[in-house]
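The values are calculated or read from the model by the stated rules, or taken from the named source; none is laboratory data. Just so we're clear, the structure is a prediction, and the values are computed from it rather than from any experiment. Neighbour counts are summed over all protein chains in view; Cβ atoms, including those assigned to glycine, are modelled from backbone coordinates with ideal geometry.
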Amino acid sequence: MTQTQKKSINPFSQTHNQNQNPKTESSSSSSSRNGMKLIVPLQSVVQGRNGFLLGSLIPCALFYFFQLYLKRRRSNSNSNNNPSSPSSSSSPTLVLPRSSSRSNLSSRGSISRVRLSKLASILSKPDDSLYYIGLDRVLQDPYDVFVNPNGIIQLGLSDNKLCLDLIEKWLVKNLEGSVMGNSDMNLSINGIAPYQAFDGLNELKIALADFMHQVMGGSVEFDPSNMVLTSGATPAIEILSFCLADQGNAFLVPTPFYPGFDRDVRWRPGIDLIPVHCRSTDNFNLNITALEQAFSQARKRGVKVRGILISNPSNPVGNILTPEMLFSLLDFAEDKNIHIIADEVFAGSTYGSEEFVSIAEVLDSEYIDKSRVHIIYGLSKDLAIAGFRVGVIYSHNKTVLDAAKKMSRFATISAPTQRIVTSMLSDKRFIQEYIDTNRHRIRRVHDEFVDCLTKLGIKCAKSSAGMFCWADMSGLIKPYSEKGELELWEKFMSVAKINITPGSACHCIEPGWFRICFTTISFEEIPLVIERIRKVVKTCKSSS
Amino acid sequence: MSLENKNRQLLSKIATNDKHGENSPYFDGWKAYESNPFHPTKNPQGVIQMGLAENQLCFDLIEEWIRNNPKASICTPEGVNEFRNIANFQDYHGLPEFRNAVANFMSKVRGGRVRFDPDRIIMSGGATGANELIMFCLADPGDAFLVPSPYYPAFVRDLCWRTGVQLIPVQCHSSNNFKITREALEEAYMKAQEGNINVKGLIITNPSNPLGTTIEKETLKSIVSFINENNIHLVCDEIYSGTVFDTPKYVSVAEVIQEMEECKKDLIHIIYSLSKDMGLPGFRVGLVYSYNNEVVNCGRKMSSFGLVSSQTQHFLAAMLSDNKFVDKFLAESSRRLRERREFFTKGLEKVNITCLPSNAGLFFWMNLRSLLKEKTFEGEMKLWRLIINEVKLNVSPGSAFDCSEPGWYRVCFANMDHETVEIALMRIRAFVNGRDKGKNMEIKRWKSNLRLSFSSRRFDEKVMSPHMMSPHSPIPHSPLVRAT
């Protein structure tokens, strides 16, 4: 699809440069000229220096009209068999407004249908990822111990609800009696209402650098000037993608991977994700041979690989990359001349015996080209304030930082939120206490949960971090395929009334694995969840 | 070969091209301000920022409301019990109470003549993010949007940079006060089609940035028919709709399409934000209101790339659903804006500088054509540099807005206190009067002015205390002039 897109871009950009007002666009024309040379196979074939009009413009124009003709036909036929509306396809809370929906329906019938972007027509189709379908179904029928005890329990979202009481207590104690609930001068109206630096307040960057240092065990320093802050890790990944690769390029991603990567990297930046399959026999650990293979296969297909995207600690498996593996990864990236994006949002949520080592630490220890390594961080997991939308891009690459700073305009964190978080992070004693307690509580829930699953005959991959376990239910599926996995997922949804994430949503190559988040429930609720799982296990066993 | 160079090759075109548009004089002026910002006592010689459309005239009202409503914040003892529900909330639909409150506020801003459906509101990171989001929904790389010029300089970044969409200006002229005419629209559209450019829509700002004018109902109707006939989208950026301070009354596109039976509503999309109308750009609330179901559907999924913090949503939900406060705020805000604009433009009239008649916005469109030595954009830039470097005011030149005629400048007036306005006025008057007296005087004055900066103490105490400088005094009181 990206191929055809590129071809059809070309005629436009050609004329675009000609028609442009020279006054405003002179600075950009040179770069777009370069860009065009790269984009356009067609042009390079036909373009002669003199016969520009004959050689290029006219064929391009013809080609464009042809495309337009095809597109018109296609979009018409699409619209007939795909009557999508926001209410039916995905969002259950969305109610169609009475007045305007009718007029919309009437205009839908007209011949000249309004065309949206290609991206929009893809996105407005119903989700096919069970990850999102699951999240939506929970919204329709959410479990509540009093109001809806038979509702669906959310175990598909890596939210951490174990330590909110600590933050709540801190807020009351420290932010009492002032404008935004703060006696701090910065929380006065002048500190929150006007425009602020789009890439984040300096104070918050400094506080975050300290927090990351603390979370990663004090073994690595972070420089606040290498940071760009964004409203959550989601836009951070998108911004990095926009910076590191062009449409149609690709990143290598070890599987199973976080379902959100598809959205963050593929949708708007238009970058492809090439799965590098890891297997249960290795406890889903990454190996360089698989990377090499995926890289050379992509190259054979003519796909330009611009980077490798890893989550460490891994989401959904929960395992941690060893320092040796990090070194090998760096060698690999150096050798292939590609970037490494390391998503380390679970760095502080470790509970196992294995120690987490940030790629930043490895960079420190040796002479390595730091400019190809970029770290994603955020407070949604380790500090459990997902709603506050605090994400970090950490990079040593000045050009990337410059571009990311400009792009952070599209995803700036709200200033009052920044101020509140800054004061919270600056209380180092509280933070240390929080990190320790959080780890302790996650471990407690994890151990109990995994123990109960084992008793049901469900084994989990070995893990040391995160808010989930990666459970092997291949014994429960029939047939041993994605279809079997899907059917089991449906059973969990409708019989057990729990939402968990199937491996297929994480691009896992082996069927039957599921990610179960255990921090959205309390310790006391574990038996309830286990009981519900037992129901499904029983029906699976009895039918076989 | 430098490492930096090698790295650039490894990056995307977007990261390394200059299409972010931040090389325009609009942003250069900001840099000039940032390197030497005015302060009444600490840096009285500094550049006064008049290039930032920020509304600071009603901070006191918001502050008062916050003080009286501690429950709105999840960080107070009164409101903290909501913390648990809010801290983890990251549904891209947004808090229902937030969307309801915003819909209510949008309706109030438009005099209650239209209602908005909360389920059509898509959250986004500021109007910047909202504008980009709607482009991602409507257009493919290489597609184009028509935009009447002069237009907001950062549109190049917001609408084009990452989306690959291009803008085609629709020329408007001072002869009819820069009105958007059907002829100009047709001409631009035809030309684009002749150039094989796929025009996906038209984007307008109403009230206009930079003109500060609102679009009349009849003009809006003809715009809506134009896009209907050509079956292209209409994006209405209405982020200044709450700043209307004078007649004619504001008419939103939402009102117009209520009256136009034949209109294909799913072509219409509104951009809104709380940055200008509420003066809260720090809160980063932008939104798309679309009448198109598919756009609502896929735009909502893209919300994830610019979600508004749940803490901020929760807080604003409370503030914006306080009807008494909202009514008072909107009335008071437009009163203060009118007063400020009037004071400023009257002061300019004294030195025969006129502005385009306007009734909205946080800025006006100043006509300095009579001061241009040559009536070209070069002449405009020369005068602009003079204003930045010598008069020390960061106003934005028309060329940054892609204006078709040289000699216009956008002047923001709501991001400063009254005293600063007086100083700015004095500087302008001194500048114009000085020019009239001849070049020699000018040079002399500036030389002695340099000397003056060394004795800034005296300057601080006497000249800069604003109450001593009556704007009505016949003698120009500019510190610059006094030095001579």
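So is B:Phe145 away from chain A (no Cβ under 11 Å) and aromatic (Phe, Trp, Tyr) or not?
Here the answer is yes, as B:Phe145 does meet what is asked.
Restricting attention to segment A:360-392, which residues are closer than 21 Å to A:Asn438 by Cβ, assigned to a loop (DSSP other than H, G, I, E, B) and more than 10 Å from chain B (Cβ to nearest Cβ)?
A:Leu379, A:Lys381, A:Asp382, listed by residue number.
Could you figure out which of (1) more than 21 Å from the chain's Cα centre (by Cα); (2) buried (at least 23 other Cβ atoms within 10 Å of the Cβ) isn't true of B:Arg435?
Among (1) more than 21 Å from the chain's Cα centre (by Cα); (2) buried (at least 23 other Cβ atoms within 10 Å of the Cβ), B:Arg435 violates only (2).
Inside segment A:240-259, can you point out the residues that are of a type in the set (Ser, Thr, Tyr) and either in a loop (DSSP other than H, G, I, E, B) or under 13 Å from the mean Cα position of the chain (by Cα) (or both)?
Kept after step one, since they are of a type in the set (Ser, Thr, Tyr), are these residues of segment A:240-259: A:241, A:255, A:258.
A:Ser241, A:Tyr258 - these are the residues of segment A:240-259 that are of a type in the set (Ser, Thr, Tyr) and either in a loop (DSSP other than H, G, I, E, B) or under 13 Å from the mean Cα position of the chain (by Cα) (or both).
If we only count helices (runs of 4 or more DSSP H) wholly inside segment A:393-500, which ones have 1 or more residues that are farther than 22 Å from A:Ala207 by Cβ and over 22 Å from the mean Cα position of the chain (by Cα)?
A:398-407, A:428-455, A:482-491
Residue by residue through segment A:117-172, note down the ones that are assigned to a loop (DSSP other than H, G, I, E, B) and of a type in the set (S, T, N, Q).
A:Ser117, A:Ser124, A:Ser129, A:Asn150, A:Ser158, A:Asn160
Of A:Asn315, A:Asn319, A:Asn337, which residue is more than 17 Å from A:Val220 (Cα to Cα), surrounded by fewer than 22 Cβ atoms within 10 Å (Cβ to Cβ) and not small (Gly, Ala, Ser)?
Details: A:Asn315 fails: surrounded by fewer than 22 Cβ atoms within 10 Å (Cβ to Cβ); A:Asn319 fails: surrounded by fewer than 22 Cβ atoms within 10 Å (Cβ to Cβ).
None of the others qualify; the one that does is A:Asn337.
Evaluate segment B:141-163: report whether one residue or more is without any contact (Cβ under 8 Å) to a residue 40 or more places away in the chain and either farther than 21 Å from B:Phe401 by Cα or surrounded by fewer than 21 Cβ atoms within 10 Å (Cβ to Cβ) (or both).
Initial filter on segment B:141-163 (without any contact (Cβ under 8 Å) to a residue 40 or more places away in the chain): B:141, B:158, B:163.
Next, only the ones that are either farther than 21 Å from B:Phe401 by Cα or surrounded by fewer than 21 Cβ atoms within 10 Å (Cβ to Cβ) (or both) stay: B:141.
Yes; the residues of segment B:141-163 include at least one that is without any contact (Cβ under 8 Å) to a residue 40 or more places away in the chain and either farther than 21 Å from B:Phe401 by Cα or surrounded by fewer than 21 Cβ atoms within 10 Å (Cβ to Cβ) (or both).
Check A:Ile530, A:Ile516 and return the single one that is in a strand (DSSP E or B) and β-branched (Val, Ile, Thr). First the steps, then the outcome.
Values: A:Ile530 fails: in a strand (DSSP E or B).
Of the residues listed, the single one that is in a strand (DSSP E or B) and β-branched (Val, Ile, Thr) is A:Ile516.
Scanning for something among the β-branched types (Val, Ile, Thr), more than 7 Å from chain A (Cβ to nearest Cβ), in a loop (DSSP other than H, G, I, E, B) and closer than 29 Å to A:Leu157 by Cα, does segment B:105-123 turn up at least one residue?
Here is the first cut: in segment B:105-123, the residues among the β-branched types (Val, Ile, Thr) are B:109, B:114, B:121-122.
Right, trim to more than 7 Å from chain A (Cβ to nearest Cβ) and you get B:109, B:114, B:121-122.
Cutting the leftovers down to in a loop (DSSP other than H, G, I, E, B) gives us B:114.
Within this subset, residues satisfying the condition of being closer than 29 Å to A:Leu157 by Cα are none.
No.
Taking the residues in segment A:490-528 that are out of contact with any Phe, Trp or Tyr (no Cβ under 8 Å at 6 or more places or on another chain) and aliphatic (A, V, I, L, M) as candidates, determine which candidate is surrounded by the fewest Cβ atoms within 10 Å (Cβ to Cβ).
Across segment A:490-528, the extreme among qualifying residues is A:Val495.
Considering only residues that are of a type outside the set (S, T, N, Q) and part of a loop (DSSP other than H, G, I, E, B), which ones fall in segment B:313-357?
Once the filter is applied, which keeps residues that are of a type outside the set (S, T, N, Q) and part of a loop (DSSP other than H, G, I, E, B), segment B:313-357 yields B:Asp322, B:Lys350, B:Val351, B:Ile353, B:Leu356, B:Pro357.
Does B:Arg115 satisfy being of a type in the set (Lys, Arg) and closer than 23 Å to B:Arg300 by Cβ?
Yes; evaluated as a whole, the condition is true for this residue.
List every residue pair whose Cβ atoms lie under 7 Å apart, where the two residues are 6 or more positions apart in sequence or sit on different chains, the first residue falls within segment B:165-182 and is without any contact (Cβ under 8 Å) to a residue 60 or more places away in the chain, and the second residue, located anywhere, is charged (D, E, K, R).
B:Val165/B:Asp143
Output the residues belonging to segment B:155-171 that are part of a strand (DSSP E or B) and either out of contact with any helix residue (DSSP H, G or I) (no Cβ under 9 Å at 6 or more places or on another chain) or over 13 Å from B:Lys200 (Cβ atoms) (or both).
B:Pro169, B:Val170, B:Gln171
Pull up segment B:248-303, narrow it to residues that are polar (S, T, N, Q), surrounded by 24 or more Cβ atoms within 10 Å (Cβ to Cβ) and over 25 Å from the mean Cα position of the chain (by Cα), then point me to the one that is farthest from the other protein chains (Cβ to nearest Cβ).
Across segment B:248-303, the extreme among qualifying residues is B:Asn292.
Could you check, for segment B:67-85, whether at least one of its residues is closer than 27 Å to A:Ile133 by Cβ, modelled with pLDDT under 95 and not in a helix (DSSP H, G or I)?
Checked against the condition, which is being closer than 27 Å to A:Ile133 by Cβ, modelled with pLDDT under 95 and not in a helix (DSSP H, G or I), segment B:67-85 yields no hits at all.
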